[in-house]
Amino acid sequence: MSSKTQIFTTILYFISISILILFIFLYQEEYGYSKENFIFISFMIIPISMGLGYTLVTYIMDRKDKLDKSLLHLIKEIIHEINIPISTINANISMIKKSDKDNQKTITRANRIELSTLRLQRLYQELVYGIKKEITTIPKSHFNLEEILKQRADMMMDLQRNKIILKDIKPLKIYADKIGFEKIIDNILHNSMKYSMIKSDIIISLNGTSLSIKDFGIGIDETKMIQIFERYFQEDINSNGKGIGLALVKNYCDSENITIDIKSQKGKGTNIILDIKSIIFDKTNF
């Protein structure tokens, strides 16, 4: 809501309340104060106040709704325009691969470009998701836990860093905010990679309803564990990044009633455990 709208509604509300107060004063001045007069004037004022409040709230929410719809429309147009060059790039990459399929250097370069376009596409999807989440409620959907974890692990391993091992992962059906779930897995894996040696493994495992992501990196000092979910916390202040990953993970987990537990030892690594019981669609086996 613009500052002009805020000023206008504030002035209108002030004038309306002032008129009501004046009306109460004049009524008591004319008829005097008594229990009967107080009850009568209250029954007169309450409906008027409710009507006034409803009118102002409706006006404000209507303007907000129009602004939200305009913003979503603009986002869709921008995303559509962005998808056009991305689609063109991908189409040309496919043509290059077919026309020069015997040239390994060309194929390698084409694969790198293709991977970069996929990341760019993903970044814009997350941008739209973040904006929509601020404006409206993100709908939940059904998805396969095993498939999502494999996709996120493969994407991270395309960065040519740590090997990510999936252990005892079941094809569970999950019902939750899918993009949000993907984002928290990405954030946890990214943190694990950032604070681990390149050759060390990261293990994703499932024990009952406990989803564990374990690394063998630098770990977190026990004295700093209490700060870990603060928005700008970073264990290593010299590392790149804003230190907001785990804060976003915590916010998502709270919204989906997922319990998060972190076990860490300095110099030995970190294990982040998510109890995903609340988002498992079929709980008959648990």
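The values are calculated or read from the model by the stated rules, or taken from the named source; none is laboratory data. Note that the coordinates shown come from a computational prediction; the quantities given were computed from them, not determined experimentally. Every residue, glycine among them, receives a Cβ derived from its backbone with ideal geometry; neighbour counts consider all protein chains shown.
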If I filter the stretch 199-208 for residues that are on the phi > 0 side of the Ramachandran plot and in contact (Cβ under 8 Å) with a residue 40 or more places away in the chain, do I get at least one hit? yes
For the list (1) surrounded by fewer than 14 Cβ atoms within 10 Å (Cβ to Cβ); (2) assigned to a helix (DSSP H, G or I); (3) at pLDDT below 75, I need the number of the one condition that Asp65 fails. (3)
Selection count, the stretch 107-151, where residues are within 15 Å of the chain's Cα centre (by Cα) and β-branched (Val, Ile, Thr): 6
With respect to Leu72, determine if the residue is surrounded by 13 or more Cβ atoms within 10 Å (Cβ to Cβ) and within 24 Å of the chain's Cα centre (by Cα). yes
Answer with yes or no whether Phe281 is touching a Lys or Arg at 6+ places or on another chain (Cβ under 7 Å), modelled with pLDDT under 85, under 30 Å from Pro139 (Cβ atoms) and of a type in the set (Phe, Trp, Tyr). no
Specify which of the listed residues (Leu26, Leu71, Leu12, Leu22) is in contact with a Leu (Cβ under 8 Å, 6 or more places away or on another chain) and assigned by TED's automatic domain parsing to the domain that holds Tyr129. Leu12
Looking at (1) surrounded by 15 or more Cβ atoms within 10 Å (Cβ to Cβ); (2) within 18 Å of Cys253 (Cα to Cα); (3) not assigned by TED's automatic domain parsing to the domain that holds Lys76, which is the only condition Ser210 fails? (1)
What's the total number of residues in the stretch 124-176 that are without any contact (Cβ under 8 Å) to a residue 60 or more places away in the chain and under 24 Å from Ile86 (Cβ atoms)? 24
Gln227 vs (1) in contact with a Phe, Trp or Tyr (Cβ under 6 Å, 6 or more places away or on another chain); (2) modelled with pLDDT under 60; (3) not basic (Lys, Arg): all pass except (2)
Sort through Lys140, Lys163, Lys150 and tell me the only one that's of a type in the set (D, E, K, R) and either in contact with a Phe, Trp or Tyr (Cβ under 9 Å, 6 or more places away or on another chain) or under 20 Å from Cys253 (Cβ atoms) (or both). Lys140
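Report the residue count in the stretch 17-38 for those that are surrounded by 10 or more Cβ atoms within 10 Å (Cβ to Cβ) and either over 20 Å from Ile7 (Cα atoms) or touching a helix residue (DSSP H, G or I) at 6+ places or on another chain (Cβ under 7 Å) (or both).
Number of matching residues: 14.
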Looking only at the stretch 230-278, which residues are at pLDDT below 60 and in contact with a His (Cβ under 9 Å, 6 or more places away or on another chain)? Gly241
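Taking the condition modelled with pLDDT under 90 and in contact with a strand residue (DSSP E or B) (Cβ under 8 Å, 6 or more places away or on another chain), does Lys214 pass?
No: the conditions fail for Lys214.
Let's see how each residue does on (1) touching a residue at least 24 places away in the same chain (Cβ under 8 Å); (2) closer than 29 Å to Lys132 by Cβ; (3) of a type in the set (Gly, Ala, Ser):
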{"residue": "Ile7", "(1), (2), (3)": "no, no, no"}
{"residue": "Ile11", "(1), (2), (3)": "no, no, no"}
{"residue": "Ser42", "(1), (2), (3)": "no, no, yes"}
{"residue": "Leu56", "(1), (2), (3)": "yes, yes, no"}
{"residue": "Leu74", "(1), (2), (3)": "no, yes, no"}
Has the stretch 164-182 got at least one residue that is crowded, with 18+ Cβ neighbours inside 10 Å, among the aliphatic types (A, V, I, L, M) and within 17 Å of Asp261 (Cα to Cα)? no
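Tally up the residues in the stretch 183-192 that are within 10 Å of the chain's Cα centre (by Cα) and either surrounded by fewer than 20 Cβ atoms within 10 Å (Cβ to Cβ) or of a type in the set (D, E, K, R) (or both), please.
Of the residues in the stretch 183-192, 1 are within 10 Å of the chain's Cα centre (by Cα) and either surrounded by fewer than 20 Cβ atoms within 10 Å (Cβ to Cβ) or of a type in the set (D, E, K, R) (or both).
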